[in-house]
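**Q** Got a structure for you, questions after.
The values are calculated or read from the model by the stated rules, or taken from the named source; none is laboratory data. What you see is a predicted model; the values in this text were computed from it and never measured. No Cβ is skipped: glycine too gets one built from the backbone with ideal geometry, and neighbour counts run over all protein chains shown. When the accessible area is computed, the model is the full protein with side chains, heavy atoms only, and any ligands, DNA or RNA have been set aside. Shrake-Rupley method; radii C 1.70, N 1.55, O 1.52, S 1.80 Å.
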Amino acid sequence: MQRTVIRVHPGMTIGPVDPRIFGGFLEHMGRAVYGGIFEPDSPLADAFGCRTDVLSHLEQLDMSVMRYPGGNFVSGYHWRDGVGPVEQRPTVRELAWNSLEPNTFGTDEFLSLCERMAWTPMMAVNLGTGTPEEAREWVEYCNAPIGTTSSDLRASHGRTDPYRVGLWCLGNEMDGPWQLGHVPAEEYAARAKAAAQLMREVDPAISTVVCGSSTPDLASYLEWDRVVLEQLGEDADFLSVHRYVNNLGGDTPEFLASGRQIDRQIEEADAVCRFVQGRTRSRKRPYLCFDEWNVWYKDFEMDGHGAVAPHLIEEVYNLEDALVVAGFLNSFIRRADVVRIANLAQIVNVIAPLLTRGDDLLVQSIFHPFQMMSARRRGSSLRVVVDGPTYSTRESGEVPFLDVSAIVDDGLLHLFIVNRSTDHPAPLEIDVAAISALTFVDAELLTGPGAKAVNDFGAPPVVSPHAFDDVTSSGAIARTELPPLSFLAASFTMA
Ligand code: AHR
C-alpha cells in the first residue's frame, strides 16, 4: 500500500473534546443489571451488592456519564417501583423485553453507584406509558431539597441530600413503532415539552435530551427531528441520536467503512438542528447526544420469556467490531463541535465490552479501543487531513484505508488511527505544521489474528492491545507502519 500522509496543525482546533462522549449506558435488560453490575449473592459482590470485577474493569474505561434505566425498558418503567425498602418493592412484568423485573436495583442504588464510580448520571424518564407529572416527581425525588412530598420520600429512604441529576432524557426512541407508547412526532413533542417544563419547575438547572431519529431506516428520519425540535424550542438542550451498525452482509471492508455512515448521520442530525435554529431565529443551538451506539447484529434474542435476568443480546465481539468501535469514537472526536455526549450501549452482558459467566469475566475486543482512547481524551479535537490510498465501498464510495482523529492537549498530540485494510500494512507519515520537533512518547496497538478473532472465557486473549514503539521521528514528521486490521493510539510531544 502507498504511504498515507496525515497532516495536522496544532492551532487548527475544532473544539474541546467533551469528556461526556466517553459515556456508557446501563439498561434493565437481560443480565445488564441483575447478574451483570448487581449480584448481591455473588462472592464478588461489594457491600452494595455490586460485582467488584465488573466495576474494576469499568473503572479502566473511565466512563464519564452513565445513562439509565433504558432504553426501551424505560417506556414501561414506573420509578416508584424501584425505591424504598427492597422487601416492599413489587416484582412486575417487564413489557419491552418480556421479562420479570424484581426492582431490587432502582434509583438510589443507581445514583449511589454513580457517586462511587464518579459517573455523571443521565436519567431517562418514561414518556411511553408514563406521564409528564410522573417525570416531574422523579426529578423532585432526585434533586429537590427536603420539604416536599417526593424529596421527603427520598429522605425517608436514607438520603437527605439531593443527588442533583443534571441530565434527563425525555423518553427513549419514541419515533420507533416498537416503543411502548409510540406516537407521532407532534404528540411526542407535546408530551416532551410538558414534561420538560414541569421538570424544570422543580429544578431549572437540568438539561434535557429530546428523542431524535433512532435509525436512518425509518421513513420519518430527520422529519421527526425537525418537528420535535421546532415544537420543543428552547426546551431542547440536546437531540438524541442512536446508531447500531452490523456486518450482516459478511463484507469486512464494507463494514469497516461504517464510520463514514456515522459521519454522515452526525452531519444530517446537526443540519436539522441548525435548520430549526435558523428558521426559529433562536439563539439556542441544540447539540447532539449520541446516547446509544455500538455494533449489534449477531444476537437478536430479545424475548425474556417472563424470566428475571434472561440472556438477551449477549453479543460476542471480534476484532473487526473493535475497529468499528474505534471508528465511532474517531467520528465523535472529529465532530467535537457538535457531539457533546455519547453513550456506548451497553456496559455489561447486553451488547457490552464485558461479559460475566458465573464468577468469571470476559473482556471483549471492543473494551480496548474505548479504553485506549478514553485514556487520551483530554484536549481539543484537531482538523486532520488524510492524504493516502482509498478503496471502493457500496454505501460510502471511495473510503481512505486510514481512519484518523487527533487531540491536542497543551503540547501533547494524541493520534487515533484505524487501518481498515484487511490484508495490507499501511505505511504512514504524520506531518505536524508550525512546530519544529515531534517526539514520540508512547503508543498502544490493537490487532489480532484475523477479522473474526474473539476473546473467550478461560483462554488467553487474542484481541488485546500491546505497547508499540516502532515509530521514528525527524523534525516535525513521524513515520510508522500499521499492520492490516489494526488500531493505533499514539502520543507525542510537540515543541
Ligand atoms: O440497547 C438495546 C436497545 O436498543 C435499547 O433498549 C433501545 O433503545 C435500542 O433500540
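**Q** Choose one of G176, A196, T160: the residue whose Cα lies farthest towards the positive end of the charge dipole of segment 52-203 (beta-carbon charges +1 Lys, Arg; -1 Asp, Glu; about the Cα centre).
**A** Positive-end residue among those listed: A196.
**Q** Still on this structure, please answer the following. Stokes-Einstein diffusion coefficient for the chain at 37 °C in a medium of 0.692 mPa s, Rh from the Kirkwood formula over Cα pairs: what value in µm²/s?
**A** This corresponds to a translational diffusion coefficient of 141 µm²/s.
**Q** A follow-up question, please. How large is the charge dipole for segment 433-495, taken about the Cα centre, if only the Cβ atoms of Lys, Arg (+1) and Asp, Glu (-1) carry charge, to the nearest 20 debye?
**A** 140 debye
**Q** So for each of 18-26, 41-49 I average, over its residues, the number of other beta carbons within 10 Å; can you give me the resulting order with the highest mean first?
**A** The most tightly packed comes first, giving 18-26, 41-49.
**Q** So which lysines can K298 reach, going by Cα to Cα under 26 Å and dropping same-chain residues fewer than 8 places off?
**A** Leaving aside lysines fewer than 8 places away in the same chain, those within reach of K298 are K452.
**Q** How large is the Kirkwood hydrodynamic radius of segment 259-370, counting all unique pairs of alpha carbons, in Å?
**A** 15.9 Å
**Q** Let me ask you something else. For segment 381-437 and segment 59-79, what is the separation of their Cα centres, given in Å?
**A** 33 Å
**Q** Also: May I ask you to derive the relative contact order of segment 18-377, considering only C-alpha pairs under 8 Å and at least 6 residues apart, and to give it as an integer percent?
**A** After rounding, I find 21 percent.
**Q** Roughly how big is segment 343-495's charge dipole about its Cα centre, with Cβ charges of +1 (Lys, Arg) and -1 (Asp, Glu), in debye to the nearest 20?
**A** The dipole of segment 343-495 has a size of about 320 debye.
**Q** Which whole-angstrom value gives the distance between the alpha carbon centres of segment 137-152 and segment 182-238?
**A** 24 Å
**Q** Right, another one. What lysines does K193 reach when the alpha-carbon gap must be under 23 Å and sequence neighbours fewer than 8 apart in one chain are set aside?
**A** Those lysines meeting the cut-off are K284.
**Q** Leaving out ligands, DNA and RNA but keeping every protein chain, what accessible area does I477 have, in Å² rounded to the nearest 10, with a 1.4 Å probe?
**A** 40 Å²
**Q** Something else: Out of the chymotrypsin sites (Phe, Trp or Tyr not before Pro) in segment 432-494, which ones are loop residues according to DSSP with at most 16 other C-beta atoms within 10 Å?
**A** Those satisfying the criteria are F457.
**Q** Using a 1.4 angstrom probe on heavy atoms only, work out the carbon and sulfur share of the accessible area of the chain in %.
**A** Of the solvent-accessible surface of the chain, carbon and sulfur hold 51 percent.
**Q** Can you tell me the accessible area per residue over the chain, all protein chains present, probe 1.4 angstrom, in square angstrom?
**A** The answer is 37 Å² per residue.
**Q** Helix 319-334 versus the longest principal axis of the chain: what angle, 0 to 90°, nearest 10, using Cα atoms?
**A** The angle comes out near 80 degrees.
**Q** For segment 110-127 and segment 453-489, compute the distance between their C-alpha centroids and round to whole Å.
**A** 34 Å
**Q** Calculate log10 I(q)/I(0) of segment 345-449 for q = 0.17, 0.24 Å⁻¹, where I(q) comes from the Debye formula with a single equal point scatterer on each Cα and nothing for solvent.
**A** Ignoring solvent entirely, the Cα scatterers give -1.02, -1.36.
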